[in-house]
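The structure under discussion appears below in the form of structure tokens.
The values are calculated or read from the model by the stated rules, or taken from the named source; none is laboratory data. This structure is a prediction, so every number in the text was calculated from the model and none was measured. In this analysis, Cβ positions are derived from the backbone assuming ideal geometry, glycine residues included, and neighbour counts consider all displayed protein chains. Note: accessible area is taken over every heavy atom of the protein model, side chains too, but ligands, DNA and RNA are not part of it. Shrake-Rupley method; radii C 1.70, N 1.55, O 1.52, S 1.80 Å.
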Amino acid sequence: MSDSYTVDTNIVVTLNRDQPRDVYPSVWQALERLIAEGRCFMSREAYEELVKVDDECAPWAKAQSGLVQEATDEELAVVNTITNQHPGWVQETLNAADPFIIAQAVEQEFVVVAFEKRKGQGTADRNLRIPNVADEWEVQCVTFQELARREGWVF
């Protein structure tokens, strides 16, 4: 079982919306400790998505030393394979970071943390979610609550 994680943009955005830092500081402190330990990361593409969708969260993410990682050549090769296997998944900016999140997890043996749920068998590429494609690569996906349980966090 891996004890390092890569987070989807929706984790930070949803935490900010549902558990704002000024009301739930212990939630954010636990996540920041995981980042400081070098066990929690975000792909550059997920960070760029965060910058576009949430002006409030982007400065927080930028301030977390070591959180944002650039894709390696090996990760880019995985991204290329994923996009070839699922040509309709990424649609302009929609899902643009998702192949990078999975590739980072594949190459660095991370667990993906996302609030997305799997779609059923036979789902069209354009409707796929991170867990669907991650399954194909034998990458584990968990929600934030599952991450908290794995880490033994109680708030």
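Per-structure values
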read-out	value
Options Glu74, Glu56: the member that is charged (D, E, K, R) and at pLDDT 95 or above	Glu74
Residue check for Leu76: open to solvent by 60 Å² or more (accessible area, probe 1.4 Å) and among the hydrophobic types (A, V, I, L, M, F, W, C)	yes
Residue satisfying condition, being part of a helix (DSSP H, G or I), more than 24 Å from Asn95 (Cα to Cα) and open to solvent by 90 Å² or more (accessible area, probe 1.4 Å), within set Arg33, Arg21	Arg33
Residue match in region 63-73 (condition: β-branched (Val, Ile, Thr), more than 18 Å from Val112 (Cβ to Cβ) and open to solvent by less than 80 Å² (accessible area, probe 1.4 Å))	no
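For (1) of a type in the set (A, V, I, L, M); (2) touching a residue at least 24 places away in the same chain (Cβ under 8 Å); (3) farther than 14 Å from Ser4 by Cα; (4) surrounded by 12 or more Cβ atoms within 10 Å (Cβ to Cβ), each residue gets a yes or a no:
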| residue | (1), (2), (3), (4) |
| --- | --- |
| His86 | no, yes, yes, yes |
| Trp89 | no, yes, yes, yes |
| Glu92 | no, no, yes, no |
| Ala97 | yes, yes, yes, yes |
| Ile102 | yes, yes, no, yes |
| Val106 | yes, yes, no, yes |
| Val113 | yes, yes, no, yes |
| Arg118 | no, no, yes, yes |
| Gly122 | no, no, yes, no |
